[in-house]
Amino acid sequence: MLPGPILIKRCKSCGGLLKEKTIVSGNTIGAKYWTDGEMQARMLPWTPELIKCSHCSGIQFADKLKKVDEVTTYFGLGALLDKSPEIEARVKEQKRKENHYEALPYYEEPNADELFAFANLGMAAHRQLQVRLSAWRKGNDVRRYSDKSNPLMEVEKINLQRLVYLMDSQKHTSNLIYAEALRELGRFEESRRIIDVTNYEENENVTAQFILELIDQEDSQVCLIKLDCSLEWRLRRRLRRRERGESPIFDPYGPNLFEVMSRDWWFKVVSMLCHNWALIEENSNGTATVFFFYDQGIAEANDSNFKYSELKGRSAVIDSLNFENVNDAKYDLHKNGFNRLDEKPGPWDGQEPVGIFYDARSIEKGVYSKSGLWRLPNQGSI
């Protein structure tokens, strides 16, 4: 990726100046694609269609802001080697402008609620379609990297219903996006009919087949398009999480509750039917503690202070390690064979602990803190 000039633009509402980064070239290597049409590529950043002014917080279309200047900050190797007066003068002038505009803020991105409100203002139909499409995708951001069930809020449903109406009336939106909007509203058969009557190009056909798989499962949540051997497991996981009921009932006379806020599970395959589980908890001082569990929260040691029935609905914390920060904890978990559950579905799905937690570390063997199984430069402390 090669950076382009920084554009200086003027807000239409307050007249304040804003900066906007650009690129000369980029690529989609490693890009991620979702069923709602969202694409994220580290090497291809893009300016959103709607931006928020950092001065007045007004929301406006990015293509309507007037460019008043631009600043070149990347000159390439040729400029470094070329010592001609013309090049040196150009570099000097751009440095002067860079310093002149240094204090200016970059534009901000509006959040989903701001876009939902903006969509209700009077505007041309094609502009309203742009806003509602952006609002839909922005609302879906909370669901992109997780298969946890997270139904649309009422304001999202209303926005999506109006978006479907606009797409149907304007007839110039990709019918895959139209079908996806219907699917996310739970209108599965309508979505299927849209796809079934269309002949797609090869690249679109992959997405169409993926959406049909979700329709077969009556799955209405946005989904990362990832066609590999994990697809079947991902679909099973999403179905199970939709059907999962409330947390198991627990006996109030059992062990004291042990609070761990995180539910971002990590797992390690120990043997064919045996796994270790971990949660990273960030502490108030910026350090992190990793808590470890066995499959389904069972404990190997028997706690003589409690009956088996009093442990029902509780998952045992069997070990823990402390780290200087969350990144160290993640790095060491990876190096010790752990993976994030949300990133790697498979036959271990459903074995993660559920319910509430209790502290069993004092009676367990310390599988990582005491048994010598944890070996890394960032090795945690007990």
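Residues in segment 15-30 that are among the hydrophobic types (A, V, I, L, M, F, W, C) and loosely packed, with under 13 Cβ neighbours inside 10 Å: Val24, Ile29.
For every residue, the table says whether it meets (1) within 28 Å of the chain's Cα centre (by Cα); (2) closer than 19 Å to Ser315 by Cα; (3) aliphatic (A, V, I, L, M).
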site	(1), (2), (3)
Asn256	no, yes, no
Val260	yes, yes, yes
Asp264	yes, yes, no
Ser271	no, no, no
Ser284	yes, no, no
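For segment 301-320, the tally of residues that are part of a loop (DSSP other than H, G, I, E, B) and modelled with pLDDT under 90 stands at 9.
Filtering Asp219, Asp251, Asp319 for residues that are acidic (Asp, Glu), closer than 23 Å to Ile363 by Cα and surrounded by 18 or more Cβ atoms within 10 Å (Cβ to Cβ) leaves a single hit, Asp319. Checking each residue in segment 4-50 for being assigned to a loop (DSSP other than H, G, I, E, B) and within 19 Å of Gln94 (Cβ to Cβ) picks out Gly4, Pro5, Lys21, Thr22.
Residues that are part of a helix (DSSP H, G or I) and touching an Asp or Glu at 6+ places or on another chain (Cβ under 7 Å) occur in segment 321-338; there is at least one.
Residues in segment 55-70 that are outside any strand (DSSP E or B) and over 12 Å from Lys9 (Cα atoms): His55, Cys56, Ser57, Gly58. State whether the residues of segment 353-362 include one that is in a loop (DSSP other than H, G, I, E, B) and polar (S, T, N, Q). So far as segment 353-362 goes, yes, one or more of its residues are in a loop (DSSP other than H, G, I, E, B) and polar (S, T, N, Q). Counting only residues that are surrounded by fewer than 17 Cβ atoms within 10 Å (Cβ to Cβ) and among the hydroxyl-bearing types (Ser, Thr, Tyr), segment 34-53 holds 1 of them. Just one of the listed residues (Lys83, Lys92) is among the basic types (Lys, Arg) and in a loop (DSSP other than H, G, I, E, B), namely Lys83.
In segment 254-285, the qualifying residues are those that are polar (S, T, N, Q) and not in a loop (DSSP other than H, G, I, E, B), and the one that is surrounded by the most Cβ atoms within 10 Å (Cβ to Cβ) is Asn276. Limited to segment 158-189, what total is found for residues that are within 14 Å of Leu214 (Cβ to Cβ) and assigned to a helix (DSSP H, G or I)? Number satisfying all stated conditions: 9. One residue alone among Arg187, Arg183 is of a type outside the set (A, V, I, L, M, F, W, C), surrounded by fewer than 19 Cβ atoms within 10 Å (Cβ to Cβ) and closer than 19 Å to Gln161 by Cα, and that residue is Arg187.
The values are calculated or read from the model by the stated rules, or taken from the named source; none is laboratory data. Fair warning: this is a prediction, and the values are worked out from it, not measured in the lab. So basically every Cβ, Gly included, is an ideal-geometry build from the backbone, and we count neighbours across all protein chains shown.
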